[in-house]
1. Taking θ = phi - 60°, what integer Hz values does the Karplus form 6.51 cos²θ - 1.76 cosθ + 1.60 yield along the range A:175-180, in sequence order, with x for Gly and Pro?
2. Greater than 21 Å separation of Cα atoms is the criterion. Which listed pairs, A:Lys62/A:Lys93; A:Lys70/A:Lys160; A:Lys170/A:Lys199; A:Lys169/A:Lys195, meet it?
3. Once ligands and nucleic acids are excluded and a 1.4 Å probe is used, how much of A:Lys80 is accessible, expressed in Å² to the nearest 10?
4. How big is the charge dipole of chain A about its Cα centre, in debye rounded to the nearest 20, if each Lys and Arg gets +1 on its Cβ and each Asp and Glu gets -1 on its Cβ?
5. Heavy atoms of the protein only, probe of 1.4 Å, neighbouring chains included. What is the accessible area of A:Met157 in Å², nearest 10?
6. Straight-line reach from A:Lys77: which aspartates and glutamates fall under 13 Å, measuring Cα to Cα and dropping same-chain residues less than 8 apart?
7. Could you compute the net charge surrounding A:Lys50? Neighbours are other residues with a C-beta less than 9 Å from the C-beta of A:Lys50; K and R count +1, D and E count -1.
8. Using a Förster radius of 22 Å, what is the FRET efficiency between A:Lys57 and A:Glu82 based on their Cβ-Cβ separation? Nearest 0.05, please.
Amino acid sequence: MAATSNAKPKRKMKDDDSDGLPKKKPTQYWNQGLLSSIDDPELRVDADDKVVIIRDKYPKAKFHFLAMPKVNIPNLKSLKREHLVLLKHMETKGKEIAQRFDSRRQFRFGYHAVPSMSHLHMHIISQDFDSPSLKTKKHWNSFTTEYFHDSEDIINMLEKNGRVELDTKKYQELLKNPLKCHVCLKDLPNMPNLKQHIKSHDYSSKK
DNA sequence: GTTCTAGAAC
DNA sequence: GTTCTAGAAC
């Protein structure tokens, strides 16, 4: 008698491996994705001996880049005072890039409190948030609540305390906040409405 | 981080 | 009925 299969797969998947090899694929873990992006010439927009700047693969605004140190710093918690020069350099480079791509547009430069991707990265992001890759409440709140820490605030924290320690739980809760326009603070019921609403603001020039 | 989709919301 | 989101899978 043939073996019975009583469990329906919940989603379709390839399990047609007639070669008898294990089904586990040798893919890298998704949270290490920046390690390959950092060396991808397609994404790179600038580099020097200390820092690489790449385009975000899934930009959440018209202009969205990541500045990363060449030395491996896993996260904010790894930062020491000895990194202050590097962080200031990253911020300077970030501002140069923003200036280069659109000198009139407003940008922010900063870090997510609890980033998904390993390897310290500073976001360089224009404040229009006009992008098809901006889809979820988590996306929105990660750039428009205190979950987003300006580079200068991180630098000040490190100068003052010698380290950057953030309450992970507190910041993860912020991602669930109701949707609110970052310009006029209007409440919006869902993402499609929010995306439509923010088009009404003018981002073409700094005020 | 993204994709996919079940079930909530409308 | 369709739209939208949240959580699992990857």
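1. Per-residue couplings from phi come out as 5, 8, 4, x, 6, 9 Hz.
2. Values: A:Lys62/A:Lys93 19 Å; A:Lys70/A:Lys160 25 Å; A:Lys170/A:Lys199 30 Å; A:Lys169/A:Lys195 27 Å.
Result: A:Lys70/A:Lys160; A:Lys170/A:Lys199; A:Lys169/A:Lys195 exceed 21 Å.
3. Number for this one is 110 Å².
4. Working: 39 positive and 27 negative charges, 139 e Å.
Around 660 debye, computed over chain A.
5. Around 50 Å² of this residue is reachable by solvent.
6. Within the straight-line limit of under 13 Å, A:Lys77 reaches these aspartates and glutamates: A:Glu165, A:Asp167.
7. Details: positive: A:Lys70, A:Lys93; negative: A:Asp48, A:Asp49.
Taking every other residue near A:Lys50 into account, the sum is 0.
8. Values: r = 30 Å, r/R0 = 1.37.
Once the sixth-power term is evaluated, E becomes 0.15.
The values are calculated or read from the model by the stated rules, or taken from the named source; none is laboratory data. Keep in mind that this is a model prediction, so the values were computed, not measured. So basically every Cβ, Gly included, is an ideal-geometry build from the backbone, and we count neighbours across all protein chains shown. Areas reflect the complete protein model, heavy atoms only, side chains present, ligands, DNA and RNA absent. Shrake-Rupley method; radii C 1.70, N 1.55, O 1.52, S 1.80 Å.
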